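Novice: Take a look at this one; I'll ask things after.
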Amino acid sequence: MKDYLSKKIFLLVFLIITSCNLKRDVTKSPTIDNVNIASVIEKFNKKKFTENWISIKTKIKLSSKENNLSISANIKIRQDSLIWASITAPIIGEVSRVMISQDSLYYINRANSSWMIQPIIVLNDLLKTDVSYSIIQQIITTAFELPKKDYISSIIGSKILIANKNDSNYYIINAENNYVEEINISLNKTKSLKVRYSGLQMFNEKKYPKNLSVTTPEDSFYLDIKYSNIVSSKKEKTIFNIPKSYNESK
C-alpha cells in the first residue's frame, strides 16, 4: 500500500513539474512507448565532457536582491580542472575576469581596480547557496551523471522523470532527443538548485541547449544564460594577470 501511494505521489509531482516548466512549446509532444529506462540512462551518461577544452560564448542575465545585470561572457573550461571567464558589458568592455579551480576562486574587478583570491567556499556566501566546482561545470556543460540504480522513473509523453531515491535530485529527460530539460540538484537536506534548459542546437556534432536558467533556494539568485557559440580544442590560453596598480579586496 505504501509503495502504491509513493508511486502516485511521484506521478503527481511529475505532472506539476512538467506543467510548470518555463518556455514550454504549446504543440503536443509525441509519446514514447515501451522505453527502456536503463538504456536511456546508459545512452545519456555516454555524453560525457571528453574534450580537453571547451569554449562557450554567452549572453547572461543575472538577478538578485541587490543587482540586475545584462552582460556577455567568454567562458573556457578545462575538464575537472579550470573554469575561466572574461565578462564584458555593452560599450564598457571587460568589467571582470574570473577563474575557478577545484579549490579556489580568482577574481579581477576592472571597475574598481581590485582583485581577490579566496577558497571556493566563498561562492556560498556570494550566491547564498552551497556550490562546488563540479556543480558549476556540470550545469554549464550539461554533463550530468544520471543514477544507474536506486532511482524511481515515470514517463509522460516524450518526457522521462528520473529521481534519485537517496536524495532529492531529479532529472527530466527528453527521450526523443536524449537531452536534459530540467534538473533539481540537492545541495543539502533543505536546499536545492533548480536548473532548466530550453531549445536545442548543434555544435561540433553535439547537442547543447540554447538557454539555461538557474534558480537558487528562496529565489535569492536567478541566472539566465544564452549560448551563442561552442567550440572544443586541445589547448586554450587563459590569461589571468593582476595589474600591479590593483588593490587586494578584503
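Novice: Ordered by packing density, taken as the mean number of other Cβ atoms within 10 Å over each peptide's residues, highest first, how do 63-71, 130-138 rank?
Specialist: The packing order, highest mean first, is 130-138, 63-71.
Novice: So, one more: Cα-Cα over 32 Å: which of LYS149/LYS207; LYS65/LYS237; LYS59/LYS244; LYS76/LYS250; LYS46/LYS250?
Specialist: Numbers: LYS149/LYS207 25 Å; LYS65/LYS237 35 Å; LYS59/LYS244 30 Å; LYS76/LYS250 27 Å; LYS46/LYS250 43 Å.
The answer is LYS65/LYS237; LYS46/LYS250.
Novice: Now a separate question. Post the alpha-carbon centroid distance, the stretch 78-133 to the stretch 147-172, in whole angstrom.
Specialist: When both Cα centres are located, 33 Å separates them.
Novice: Modelled label-to-label distance, THR190 and SER81, 7 Å Cα→beta-carbon offset: nm?
Specialist: Between THR190 and SER81, the label points sit 4.0 nm apart.
Novice: At q = 0.19, 0.35 Å⁻¹, what log₁₀ I(q)/I(0) does a Debye calculation on the Cα points of the stretch 166-206 give, no solvent, two decimals?
Specialist: Log10 I(q)/I(0), no solvent term: -0.64, -1.17.
Novice: Still on this structure, I have one more. Answer rounded, prolate or oblate for the stretch 111-250, using the Cα gyration tensor with square roots of eigenvalues a ≥ b ≥ c: rounded when a/c is under 1.5, else prolate when a/b is larger than b/c, else oblate. Don't jump to the answer; show the numbers that get you there.
Specialist: Working: a/c = 2.46, a/b = 1.51, b/c = 1.63.
Note, shape of the stretch 111-250 comes out oblate.
Novice: Give me the one-decimal nm value for the distance between modelled label points at ALA89 and LYS148, 7 Å along each residue's Cα-to-Cβ direction.
Specialist: 4.8
FYI, it's all coordinate maths here, none of it is from the lab. Owing to the predicted nature of the structure, the values given are computational and were not obtained by experimental measurement. Cβ atoms come from the backbone with ideal geometry, glycine included; neighbour counts cover every protein chain shown.
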